[in-house]
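Trainee: My questions will all concern the structure given below.
The values are calculated or read from the model by the stated rules, or taken from the named source; none is laboratory data. Treat the numbers as computed from the prediction; the structure is a model and nothing was measured. Because the Cβ atoms are built from the backbone with ideal geometry, glycine has one as well, and the counts that use them run over all protein chains shown. Please note that ligands, DNA and RNA were not included when accessible areas were found on the heavy atoms of the full protein model with its side chains. Shrake-Rupley method; radii C 1.70, N 1.55, O 1.52, S 1.80 Å.
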Amino acid sequence: MRLKYIVAIIIHLFFGTTAVAQDSQLPRYVPIDGCFTDVTIELAYECGYVTVPEFHDGRTDGEIRLAVVRIFATGNGENRSPLFFMDGGPGGSLLINLGLDQASISSELDIINAPEDPEAVTPVLDMLETRDFVLFSQRGTQFSEPTLVCEEADEIEKSPIITGLDFETQLERTRSAYQSCVDAYTAQGVNINAFTNFANADDVNAVREALGYDQILFYGESYGAQLGQHVMQRHPDILEAAILDGAAALSKVSWVQGTGPVLEQAINTLLTLCAEDATCTAKLGSPDSLLDDAFARVQKEPISATYTAADGSSFEIKVTPEVLAVYLEEIYTESGIRPSIPLMLSELRNGNASLFTSVIGDEVTNTTAEESFVAWFMHAAMVCSDDPPQRELNYDTTGYSEFALFAEQVFALSYVPQCKTLNVERLTDESDVSAAVNVPVLVLGGGLDVRTPVVENQEVTDSLPDSRLITFEYSDHVQYRGDFAPCAASIVSAFVNDPASLHNLDASCTDSILPPSITLPDPTIADVIGTEFISTGVYHASTKETLTIPDGGTYSITFTDAKKLSLVADCNTINANYVTGDNNSIRFEPGTSKLMTCPEVSITDKFLTVIGNVSEFNLVEIDTQIVLVLSAEDESNVVFSAGK
């Protein structure tokens, strides 16, 4: 099987390269030895470059090179149309999809080679059975030539949080940085007007032609789904079918149109989940008004908190209305911390920014996390040539709340200096007309998506005569690569293998996706009065011993009221008083006790030695348990747990 493709590659390299040398026509494809990035899969693949015109209308003789990775179909039968993968952004790197494809392929190959579960599914390999996978860098993105980045502007994005730079000064510095980059690219002969949605769509057709395919099956995520709609407009005949994963409507006249109300609605979804839970309501208080209350609080006066980084450095973070809007949107897109938003808003309402700023600080100071490459200068060129945001919103905002209107204006202002500086040519009104190609189109959406919300997914679906929207109610942005990828992959694979099955696809796996569990404040002692906590272990710092509880022994603590507690240390019962203070400090004061001689295996003495020196407590909810840790200044501690 693999030999077939190795022979094909050799033939292509020998004869194809000769042809290229004699043919300067565009588009043209030239494969390369090795690859421009790491490819680790144990399947036949090929890397190369497709050269396309700088302008597809021929206005210049400039050229752009697009990097291509092609993973060949694995089956022995006749191949079908290839599956083209388009990344998001705009500005995203093909490494995002390539990396995830490689991980999925490697995992599924392991299942095949060493099957532990005969029922295990291999949706990605099922698609590769009859279709090549084609990934290429969009013009201006990583590995394409040229790559449009503006590193000076990228650095400015994070610096305001650390330096306390005000919003307007940040915008001016961004404008200045972009001007320097525009001047540099112009001096290099790069025409920024060449980087548009229409050109990107024409590149999809050019890559198809250069690789020798008649038609393609298109997959686009996020911006890639928007690009797919432009392909539908400009090259409908090349499409066998399409998958739009997180699709924004083309009808918008501004890149940020609707983002304020969408963010507000998404946050209110979390607040509603809190309001429907008695414990959450009791802990956070009036969850329905948390967003409005927190916004009003920072409008009245910014809230500051000191953030200490992992390297020990610290700085003050000031939560202004602009910082609140921008980082709420960013935090919402992170599924791991999204459930903490109600708690953050509750604290902000009370003038406490510690949790909110700790998340922001972690993001701007994290130098160890591997960040995806995004060509933000290319991103700006694409946005500003199609739907450039304006300083004054140029569309109907009737019904917007105060927060939604403010947030959308902030999002718009973030683009204004870039678009003003780039000063690129605008696309025609065709760019805002919904696509209506009559091929099977699967649209995937997330009910918690703040970037391509369900309402826009539905608008796209309604414009396409043979389409179906499948919504993952409690998922966010992009499904095939998202938190519920196994479910989405099964749906996508079934569609790719039989596009005609669109309206009969089994999407029942989406029913098992549960709503997020809202993060609550850690319990206080007042919350656990009357609860018996059973010790699970003792750490004695002076001897560096970790002591387990002997079989049959009981070591416990119960806070009986706001001042008194009861200790059980094996065969001894001790009553004591306690006093709590700031920063979870606690002090025990002797009370009545009943002391007896316990068995030799007892650890009573060491247990009571640590308890007698306790200076701090911590209560944490973990799944169905509440964990209590009592710590002494010498780092000795006793750990207890109790069922909720």
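Trainee: Here's a check for you: in segment 479-502, which residue that is out of contact with any strand residue (DSSP E or B) (no Cβ under 8 Å at 6 or more places or on another chain) and at pLDDT 95 or above is surrounded by the most Cβ atoms within 10 Å (Cβ to Cβ)?
Mentor: Ranking the candidates gives 489 first.
Trainee: Okay, moving on. Could you list, in sequence order, all residues of segment 506-546 that are aliphatic (A, V, I, L, M) and touching a Pro at 6+ places or on another chain (Cβ under 7 Å)?
Mentor: If the condition is that a residue be aliphatic (A, V, I, L, M) and touching a Pro at 6+ places or on another chain (Cβ under 7 Å), then 518 is the only one that fits.
Trainee: Would you be able to say whether some residue in segment 179-197 is of a type in the set (A, V, I, L, M) and in contact with an Asp or Glu (Cβ under 7 Å, 6 or more places away or on another chain)?
Mentor: Taking every residue of segment 179-197 in turn, at least one turns out to be of a type in the set (A, V, I, L, M) and in contact with an Asp or Glu (Cβ under 7 Å, 6 or more places away or on another chain).
Trainee: Another one. Filter segment 170-184 down to the residues that are open to solvent by 20 Å² or more (accessible area, probe 1.4 Å) and in contact with a Pro (Cβ under 8 Å, 6 or more places away or on another chain), then identify the one that is farthest from residue 385 (Cα to Cα).
Mentor: Per the stated criteria, the residue is 170.
Trainee: Another one. Which ones in segment 5-43 are modelled with pLDDT of 90 or more, of a type in the set (Ser, Thr, Tyr) and within 29 Å of residue 57 (Cβ to Cβ)?
Mentor: 29
Trainee: Being of a type in the set (Asp, Glu) and within 24 Å of residue 387 (Cα to Cα) is the filter; apply it to segment 239-275 and report the residue that is surrounded by the most Cβ atoms within 10 Å (Cβ to Cβ).
Mentor: 245
Trainee: Hey, can you tell me all the residues within segment 572-585 that are farther than 15 Å from residue 630 by Cβ and open to solvent by less than 40 Å² (accessible area, probe 1.4 Å)?
Mentor: 572 - this is the single residue of segment 572-585 that is farther than 15 Å from residue 630 by Cβ and open to solvent by less than 40 Å² (accessible area, probe 1.4 Å).
One line per residue, one yes/no per condition, for (1) under 21 Å from residue 54 (Cα atoms); (2) among the hydroxyl-bearing types (Ser, Thr, Tyr); (3) in contact (Cβ under 8 Å) with a residue 60 or more places away in the chain:
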site: 189; (1), (2), (3): yes, no, yes
site: 201; (1), (2), (3): yes, no, no
site: 206; (1), (2), (3): yes, no, yes
site: 213; (1), (2), (3): no, yes, yes
site: 218; (1), (2), (3): no, no, yes
site: 221; (1), (2), (3): no, no, yes
site: 237; (1), (2), (3): no, no, no
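Trainee: Regarding residue 320, is this residue open to solvent by less than 40 Å² (accessible area, probe 1.4 Å) and over 16 Å from residue 362 (Cα atoms)?
Mentor: Yes; evaluated as a whole, the condition is true for this residue.
Trainee: If you don't mind, another one. What residue, of 200, 193, is in contact with a helix residue (DSSP H, G or I) (Cβ under 9 Å, 6 or more places away or on another chain) and closer than 26 Å to residue 36 by Cβ?
Mentor: 200 is the lone residue from the list that is in contact with a helix residue (DSSP H, G or I) (Cβ under 9 Å, 6 or more places away or on another chain) and closer than 26 Å to residue 36 by Cβ.
Trainee: Sticking with this one: Just to be sure I understand, how many residues within segment 500-525 are touching a residue at least 60 places away in the same chain (Cβ under 8 Å) and assigned to a loop (DSSP other than H, G, I, E, B)?
Mentor: 11
Trainee: Here's another thing I want to ask about it. Report, by residue number, each residue of segment 440-470 that is of a type outside the set (Asp, Glu), surrounded by 20 or more Cβ atoms within 10 Å (Cβ to Cβ) and part of a loop (DSSP other than H, G, I, E, B).
Mentor: 440, 448, 450, 451, 452, 453, 464
Trainee: Another question, if that's okay. Every residue in segment 526-548 that is open to solvent by 40 Å² or more (accessible area, probe 1.4 Å), hydrophobic (A, V, I, L, M, F, W, C) and either in contact with a strand residue (DSSP E or B) (Cβ under 7 Å, 6 or more places away or on another chain) or assigned to a strand (DSSP E or B) (or both), please.
Mentor: Of everything in segment 526-548, those that are open to solvent by 40 Å² or more (accessible area, probe 1.4 Å), hydrophobic (A, V, I, L, M, F, W, C) and either in contact with a strand residue (DSSP E or B) (Cβ under 7 Å, 6 or more places away or on another chain) or assigned to a strand (DSSP E or B) (or both) turn out to be 529, 534.
Trainee: Of all the residues that make up segment 61-116, how many are within 31 Å of the chain's Cα centre (by Cα) and charged (D, E, K, R)?
Mentor: So the answer is 6.
Trainee: Exactly one of (1) within 23 Å of residue 497 (Cβ to Cβ); (2) open to solvent by 40 Å² or more (accessible area, probe 1.4 Å); (3) in contact with a helix residue (DSSP H, G or I) (Cβ under 6 Å, 6 or more places away or on another chain) is unmet by residue 152. Its number?
Mentor: Status for residue 152: all satisfied but (1).
Every residue, every condition in (1) farther than 11 Å from residue 242 by Cα; (2) part of a helix (DSSP H, G or I); (3) open to solvent by 30 Å² or more (accessible area, probe 1.4 Å), yes or no:
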{"residue": "189", "(1), (2), (3)": "yes, no, yes"}
{"residue": "199", "(1), (2), (3)": "yes, yes, no"}
{"residue": "202", "(1), (2), (3)": "yes, yes, no"}
{"residue": "214", "(1), (2), (3)": "yes, no, yes"}
{"residue": "219", "(1), (2), (3)": "no, no, no"}
{"residue": "228", "(1), (2), (3)": "no, yes, no"}
{"residue": "231", "(1), (2), (3)": "no, yes, no"}
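Trainee: Enumerate the pairs (first residue in segment 466-482 and farther than 13 Å from residue 333 by Cα; second residue anywhere and part of a loop (DSSP other than H, G, I, E, B)) with beta-carbon separation below 6 Å, excluding pairs fewer than 6 apart on the same chain, so at least 6 apart or on different chains.
Mentor: Partner pairs satisfying both residue conditions: 466/438; 466/440; 470/507; 471/447; 472/479; 472/484; 472/513; 473/447.
Trainee: Here is a follow-up. Could you tell me whether segment 601-608 includes any residue that is open to solvent by 40 Å² or more (accessible area, probe 1.4 Å) and in contact with a Gly (Cβ under 9 Å, 6 or more places away or on another chain)?
Mentor: yes
Trainee: Residues in segment 276-302 that are hydrophobic (A, V, I, L, M, F, W, C), more than 25 Å from the chain's Cα centre (by Cα) and surrounded by 18 or more Cβ atoms within 10 Å (Cβ to Cβ): how many?
Mentor: Qualifying residue count for the region: 3.
Trainee: Restricting the search to segment 115-130, which residues are in contact with a helix residue (DSSP H, G or I) (Cβ under 6 Å, 6 or more places away or on another chain) and either free of Cβ contacts under 8 Å to residues at least 40 places away in the same chain or loosely packed, with under 10 Cβ neighbours inside 10 Å (or both)?
Mentor: Within segment 115-130, 120, 122 meet the criteria.
Trainee: Let me ask you something else. Being assigned to a helix (DSSP H, G or I), without any contact (Cβ under 8 Å) to a residue 12 or more places away in the chain and not polar (S, T, N, Q) is the filter here, so list the residues in segment 161-185 that pass it.
Mentor: Of everything in segment 161-185, those that are assigned to a helix (DSSP H, G or I), without any contact (Cβ under 8 Å) to a residue 12 or more places away in the chain and not polar (S, T, N, Q) turn out to be 168, 183, 184.
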